[in-house]
Each structure stands twice: as structure tokens, then as C-alpha cells.
């Protein structure tokens, strides 16, 4: 069995954000069209974190594999990334693993890319100001992706760590960026709001979100986490990556449903439905839109397939006989 091993640096060299956004467009259209097999991911909780096992098969391109991603918040105290991941790509004919690649950057890239796709489909074309909650890797890729699809000129960063917020600001060019402590100040006048944190409680007041704003919630991934409050969800046109998964894992939506504040019909549809023109994205300029993603394995396999295609063509990585 010959397996191609691809490091993080190699993965980074094979794909950029615009390519990843287009991969998300293809992946979620396949999911919505029933052309992908994606079992609900398995979460294995340990004493220090959680590991998620996420398989998928994209039928049209016949790509299959599984991602294993671990989220251990305590890693930050040891100077390690909070998220570690690997992706195993399978030969669908034989079932043999044909590639093992670092999935940590791939996870950040594809998560950012789906936020970029959502902004492209839902945010007003004249959006220029982003309120960004979080200053980690996920926040960075979310902002990068949004800047690929909208002409962003102002960024307001809100983070529990002023140091991390400033580090992010120092990395940015071509925009007016500031670090703010007051969430209300950050939200006021923002065209796009991005929540990319590990918070278990809402990070801003949904009542203050102005008409015409687009919101992406990307950080919470369990029923006990709520980055976005019920007020925002009630006020917004809600689009999710996959309804079944959102109703299993998105605390921002499941929590208020469980509390009896609204029903499952609060979800207007899936992002793939918009790509396929089954439903509208933004229906009017003054509408608040909210995209909630808990992550889906089609994202990983779609991006991994592109990475592997380039790696094979350019003979990148190391080949090992197992």
C-alpha cells in the first residue's frame, strides 16, 4: 500500500483561498443535490477535549476520505494549536488509503472558505465594514475569505486577548483595522459580523445588529455553545451548511428551539440550496442574514481532492510503502 504524505507547508502550497471558495461552492451544491454521502460526524470526548471523525464521499468526482480533528482548548497554555487534524484520502475502487495530509491548515482554510461563500451569496454587495469576534486562525481565514468576495475597507477586532487582536491587526494591510473592547461599538454600523470564537455564551447583542447586516457564526459546534443569541436568530434569515447537522450540533439554533422560542422552521434553507438557485439568498437590502456552519466533511474531502490532484501532478510530498 503506497501512501502520499503531505505536510502542512505542502498543503498550503497547492491551494489558495479563491480556489477553496470555489471548492465549497461545488461541495455544497453536491450535498444539496444528494450527490454526496456524509454521515453525521462522531464526536469522541476525552478528559482534555474532543476528537471528531468526519467521513464523506463526493459521488460526481468520486472522492472519499475521512478527517480526524481534535479540539483541545488547554493546548494554548502549552504553546500548541488548539486544533489538530489529519485527512485520509481513499481510493474508492480498492478502499486503500492513498494520501495522508495535514488537516489543521486545511480545516482553517475550508472553514474560512465557506464563510467567504456565504458572504458572497448573502452579504450586500456594498459591504465594507467587518466586525470580527475572535483573533485566532479561524478568525484570520474568515476575514481573508470575506476580503476575497467583498471590498472590505474597515475591520473591527474584538478578542478576549488584546495581544492577539493587535497581532492580527499588525498582519493586515489595505484596510483600516482597530481593536475594540466594547462589542456594542464593534457591531454598530458593521456590514458583516463574523463570530469565530470558542465562547459558550453570545459574544454580541443581536438586538443591536442593524438592518442589512450579514452575520456568520463559525466557532460554536456543540449544543451547549452559543456565540450568537436567540434575538439575532429570530431577526435574521437563517441559512445553514446542512440542516440535519445544524439541528444536532448548533447550540445557537438548537438551544433556543429547546427553550421553545421558535421551531425548526426558523432555518430558511441550506447554503447549497442557494448555490443551486432553489431558494434566494438575500431577499432585500434591509434583511439581516445569518449563516451558521458547524462544519461538514464534504468541505474537507473537496479541498483534499484538489490538494491531492496538484500534489500528484507536481510530484509533491513523500511516498511511503506501508
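Just so it is clear, none of the values below were taken in a lab; they were calculated from the coordinates. The model shown is predicted, which means the values in this text are computed figures rather than measured ones. Backbone-built Cβ (ideal geometry, glycine too); neighbour counts: all protein chains shown.
For q values of 0.08, 0.18, 0.19 Å⁻¹, compute log₁₀ I(q)/I(0) with the Debye formula on a Cα-only model of segment 124-295, without solvent. Debye curve over Cα of segment 124-295, log10 I(q)/I(0) at q = 0.08, 0.18, 0.19 Å⁻¹: -0.22, -1.14, -1.27. Packing here is the average count of other Cβ atoms within 10 Å per residue, and on that basis the peptides 103-109, 52-58, 261-267, highest first, run 103-109, 52-58, 261-267. With axes computed from alpha carbons, what is the tilt in degrees of helix 17-32 against the longest principal axis of the chain, rounded to the nearest 10 within 0 to 90? Relative to the chain, helix 17-32 is tipped by roughly 90 degrees. Under 1.5 on a/c is rounded, so check that first for segment 5-44, then, if it is not, pick prolate when a/b is larger than b/c and oblate when it is not; a ≥ b ≥ c are the square roots of the alpha carbon gyration tensor eigenvalues. It is oblate, given that a/c is not under 1.5 and a/b is not larger than b/c. For segment 9-103, just say rounded, prolate or oblate: build the C-alpha gyration tensor, square-root its eigenvalues into a ≥ b ≥ c, call rounded for a/c under 1.5, and beyond that prolate if a/b exceeds b/c, oblate if not. Prolate, because a/c is 1.5 or more and a/b exceeds b/c. By the helix-only formula, in which each DSSP H run with n ≥ 4 contributes -39500 (n - 2.57) and the sum is divided by residues, the chain has a 222 nm mean residue ellipticity of -10500 deg cm²/dmol. Against the chain, whose longest principal axis comes from its Cα atoms, helix 137-149 is set at around 80 degrees. As a proxy for reagent exposure, ranking 101, 19 by other Cβ atoms within 10 Å from fewest up yields 19, 101.
With 10 Å bins beginning at zero, the pair-distance distribution over Cα atoms of the chain amounts to 6, 28, 36, 23, 6, 1 %. As a rough footprinting exposure proxy, the listed residues 31, 172, 93 were ranked by other beta carbons within 10 Å of their own, and the order from fewest upward is 93, 172, 31. Between 0 and 90 degrees, the angle of helix 162-171 with respect to the longest Cα principal axis of the chain falls at about 70 degrees. Counting only DSSP beta bridges with both residues in the chain, the antiparallel share comes to about 50 percent. Packing around the peptides 77-86, 197-206, taken as the average count of other Cβ atoms within 10 Å per residue, puts them in this order, highest first: 197-206, 77-86. The simple Förster model, with R0 at 22 Å and r as the Cβ-Cβ distance, assigns residue 201 and residue 172 a FRET efficiency of 0.20.
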